[in-house]
Amino acid sequence: MTALLDPTSERSPTIRPRLGRPDRLDGLVVGIVDISKPRGDVFLDQLDARLQERGIATRRYMKPTMTRPAPLALRQQIGTEVHVVIQGLAD
Amino acid sequence: MDAPHDGLVAVVKRDCPTCELTAPVLGTLAREAGLTVYSQDDPSFPAEVAARRHDADLDISHRLGIEIVPTLIRFDGGREVARTYGWDRAEWERVAGRPGLGLDLPAMRPGCGAKNVEPGILERLKIRHGETGITARRIAIGSGEDEIEAMFDRGWSDGLPLVPPTEERVLRMLSGTIRDPQEVVGLVPSDLVPATVEKIAINAVMAGCKPEYLPVVLAAVEAVLEEPFAMHGVLATTMYVGPVVIVNGPIRRAIGMNARGNVLGQGNRANATIGRALQLVIRNIGGGRPQEVDRATLGNPGKYTYCFAEDEEGSCWEPLSVERGIAPGKSAVTVFAGFGLQGVVDQKSRDPESLSRSFAECMKAIYNVKLAPACDAIVVIAPEHERTYREAGWTKQQVIDAFHRLTEIDGDDLVAGARGMAEGGPPSLAGRRIGKFRKGGLLIVRAGGGAGMFSGIIGGWSASGERGSAPVTREIRE
């Protein structure tokens, strides 16, 4: 028998259950996050307008760059200001 | 088998002329002073000692910390009180507490290396005695299981077979650095897991590195984990890029890296395995795998390994590392988020302006002739092209300035739709001159074989510089 040394992080991923999706958006605030990809805003502007037509409150956010994860402060801000988030990828 | 609690102990081996020389003295001490003799190799040596013992598994030698044979030790109540090694009459008389030893021998002879500290044997002894300090989880592979296949099955491989990271191999790899195996080198994306020297050494073993490559691997890992390199983005992007490693300084030659013919190709162990080890660290420690966090559309073959050395001895310019702030004579790595190779063939230019124009026209094509600024780039200048600059007396800065000047593009041609191509920028580009590269975004490396007027361009990431990845240079701690 051979013993090999584990080259990985040895972290068994713990699966965190996602929050349940709401049945309706009425009364909720929707966060719309632009990741700073070109033309992502075109799509998100349309989405924002549609939501507002239905009387749903929205808040807009933007990551400083698409090359890095959102800064902690921004993630925390979004987490405290909205109930659900829509993030737009582009290309 | 335990060493005696009291009295004299000697450790010898037949394969040592000094041990042979001292055999009569050992016989005398055994008969008259109760000396216990352990032979590391031949159980019939020394014939002069009747009750000699064979330290076949070298456990006694290891526990006594023998480095040189012969070694003579005196114990008193289980405690070592005197020791000498090699043959030195005065020292032997002191340790043995008896005058007149070996009067017919020369006064002094150096000893030989002990068998228990030979490479390969010492590692096995440390493992058997639980002294390695290695903390990684042990994964048992069944006797009927193929180790190579087992590693593929566990997802550790980049697609090519790996060297099995046994404790013995990892211990040997760790001998390539004086750094503490548990030192954390940085947090590896995408999982942001602390990478210890030990974990990196395990991956270096799997990549096929020799221990003396480890300092280069460690420096490369440190460099890509620096914030300006944005390793997370380099990993996650849909674009082609991966880390390209350029090595400068004395370590290149010490470990036999290739900086000349086929420098960017196959065939050199150090070049191949250092770059591979870096990728395995990202994969196995950070959890960055293709079609998971690595979203590359095409990737590039350099994502298996992309590492080479600069031919500093053949260059008329200062090394890349010196240009980037490392002291001359120091070894360093520079990491660059790059991909592939675009050739620059010019067999006719004999003056630097003409040659620079050739380079520039080729460079304008990176990504798309309609895109500027495009990305950073490394220009690998081969000897027969460098000669033209050398003979004209051009400094590296002059070459870089010429490249920037000659890769400026008429903004009218860059506007979306211009020249019959929908790709391009906004109308505001019209009437302006636009640089293909950001200032500071061109690196020149002199490398390659002596024959062939063929240089190359290693393109970078569209998110080059502060908004994405910038090259990082780091000194190698040997």
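Hey, residue B:274 hits all of (1) in contact with a helix residue (DSSP H, G or I) (Cβ under 6 Å, 6 or more places away or on another chain); (2) farther than 23 Å from residue B:478 by Cβ; (3) away from chain A (no Cβ under 13 Å) but one; which does it fall short on?
Among (1) in contact with a helix residue (DSSP H, G or I) (Cβ under 6 Å, 6 or more places away or on another chain); (2) farther than 23 Å from residue B:478 by Cβ; (3) away from chain A (no Cβ under 13 Å), residue B:274 violates only (2).
Name the residue, out of A:19, A:28, A:74, A:47, that is touching a Pro at 6+ places or on another chain (Cβ under 7 Å) and away from chain B (no Cβ under 14 Å).
Details: A:19 fails: touching a Pro at 6+ places or on another chain (Cβ under 7 Å); A:74 fails: touching a Pro at 6+ places or on another chain (Cβ under 7 Å); A:47 fails: touching a Pro at 6+ places or on another chain (Cβ under 7 Å).
One residue alone meets the criteria, A:28.
For region A:32-91, enumerate the residues that are among the small types (Gly, Ala, Ser), surrounded by 14 or more Cβ atoms within 10 Å (Cβ to Cβ) and part of a loop (DSSP other than H, G, I, E, B).
A:36, A:70, A:90
Could you please tell me which pairs satisfy a Cβ distance under 6 Å, a separation of 6+ or placement on different chains, a first residue in region B:69-94 that is of a type in the set (Asp, Glu), and a second residue that is assigned to a strand (DSSP E or B)?
Every condition considered, the pairs that remain are B:80/B:73; B:88/B:108; B:91/B:84.
Does any residue of region B:52-65 turn out to be part of a helix (DSSP H, G or I), more than 30 Å from residue B:127 (Cα to Cα) and within 47 Å of the chain's Cα centre (by Cα)?
There is no residue in region B:52-65 that is part of a helix (DSSP H, G or I), more than 30 Å from residue B:127 (Cα to Cα) and within 47 Å of the chain's Cα centre (by Cα).
Would you please name the residue that is farthest from residue B:40 (Cα to Cα), looking only at residues in region B:114-142 that are modelled with pLDDT under 90 and part of a loop (DSSP other than H, G, I, E, B)?
B:142
What residue, among those in region B:295-318 that are out of contact with any strand residue (DSSP E or B) (no Cβ under 9 Å at 6 or more places or on another chain) and charged (D, E, K, R), is farthest from the other protein chains (Cβ to nearest Cβ)?
B:313
Starting from residues that are touching a helix residue (DSSP H, G or I) at 6+ places or on another chain (Cβ under 9 Å) and of a type in the set (S, T, N, Q), keep the ones in region B:114-157 and report whichever is farthest from the other protein chains (Cβ to nearest Cβ).
Checked region B:114-157; the qualifying residue farthest from the other protein chains (Cβ to nearest Cβ) is B:116.
Condition check ((1) within 14 Å of chain B (Cβ to nearest Cβ); (2) modelled with pLDDT of 90 or more) across all residues:
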position: A:15; (1), (2): no, no
position: A:34; (1), (2): no, yes
position: A:60; (1), (2): no, yes
position: A:63; (1), (2): yes, yes
position: A:86; (1), (2): no, yes
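Of (1) under 30 Å from residue B:308 (Cβ atoms); (2) free of Cβ contacts under 8 Å to residues at least 60 places away in the same chain, residue B:455 satisfies all except one. Which?
Only one criterion in (1) under 30 Å from residue B:308 (Cβ atoms); (2) free of Cβ contacts under 8 Å to residues at least 60 places away in the same chain is unmet by residue B:455, namely (2).
Restricting the search to region B:153-191, which residues are over 25 Å from residue B:142 (Cβ atoms) and charged (D, E, K, R)?
B:179, B:180, B:183, B:191
Given the residues B:285, B:246, B:326, which is the only one that is crowded, with 23+ Cβ neighbours inside 10 Å, of a type in the set (A, V, I, L, M, F, W, C) and over 17 Å from the mean Cα position of the chain (by Cα)?
Just one listed residue meets the conditions, B:285.
Being surrounded by fewer than 20 Cβ atoms within 10 Å (Cβ to Cβ) and either within 18 Å of residue B:196 (Cβ to Cβ) or assigned by TED's automatic domain parsing to the domain that holds residue B:315 (or both) narrows it down to one residue among B:254, B:259, B:223; which is it?
Answer to the selection: B:254.
Do we have residue A:5 as among the hydrophobic types (A, V, I, L, M, F, W, C) and away from every other protein chain (no Cβ under 14 Å) here?
So residue A:5 does not fit the description; no.
Of all residues in region B:345-400, count the ones that are over 26 Å from residue B:261 (Cβ atoms) and aromatic (Phe, Trp, Tyr).
1
Can you find a residue in region B:124-136 that is surrounded by fewer than 17 Cβ atoms within 10 Å (Cβ to Cβ) and under 20 Å from the mean Cα position of the chain (by Cα)?
no
Give the residues of region B:148-166 that are at pLDDT below 95 and in contact with a strand residue (DSSP E or B) (Cβ under 7 Å, 6 or more places away or on another chain), sorted by residue number.
Of everything in region B:148-166, just one residue is at pLDDT below 95 and in contact with a strand residue (DSSP E or B) (Cβ under 7 Å, 6 or more places away or on another chain), namely B:150.
Going by what's in this entry, would residue A:39 be described as at positive phi, more than 11 Å from chain B (Cβ to nearest Cβ) and either among the charged types (D, E, K, R) or within 12 Å of the chain's Cα centre (by Cα) (or both)?
Against the criterion (at positive phi, more than 11 Å from chain B (Cβ to nearest Cβ) and either among the charged types (D, E, K, R) or within 12 Å of the chain's Cα centre (by Cα) (or both)), residue A:39 qualifies.
Scan B:362, B:316, B:375 and give me the residue that is in the same structural domain as residue B:454 (by TED's automatic domain parsing), buried (at least 22 other Cβ atoms within 10 Å of the Cβ) and touching a residue at least 40 places away in the same chain (Cβ under 8 Å).
B:375
How many of the residues making up region B:42-66 are in contact with a Pro (Cβ under 8 Å, 6 or more places away or on another chain) and crowded, with 17+ Cβ neighbours inside 10 Å?
2
Results for (1) in a loop (DSSP other than H, G, I, E, B); (2) more than 30 Å from residue B:175 (Cβ to Cβ); (3) of a type in the set (Gly, Ala, Ser); (4) away from every other protein chain (no Cβ under 14 Å), shown as yes or no for each residue.
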site: B:412; (1), (2), (3), (4): no, yes, no, yes
site: B:419; (1), (2), (3), (4): no, yes, no, yes
site: B:423; (1), (2), (3), (4): yes, yes, no, no
site: B:428; (1), (2), (3), (4): no, yes, yes, yes
site: B:434; (1), (2), (3), (4): no, yes, no, yes
site: B:457; (1), (2), (3), (4): no, yes, no, yes
site: B:461; (1), (2), (3), (4): yes, yes, no, no
site: B:466; (1), (2), (3), (4): no, yes, no, no
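Show the residue pairs meeting these rules: Cβ distance below 8 Å; 6+ apart or different chains; first residue within region B:206-219 and in the same structural domain as residue B:245 (by TED's automatic domain parsing) and at pLDDT 95 or above; second residue among the β-branched types (Val, Ile, Thr) and surrounded by fewer than 19 Cβ atoms within 10 Å (Cβ to Cβ).
Pairs found: B:206/B:163; B:207/B:163; B:208/B:163.
The values are calculated or read from the model by the stated rules, or taken from the named source; none is laboratory data. Not measured: the values here are computed from a predicted model. When we count neighbours, we look across all protein chains shown, and the Cβ atoms used for this are built from the backbone with ideal geometry, even at glycine.
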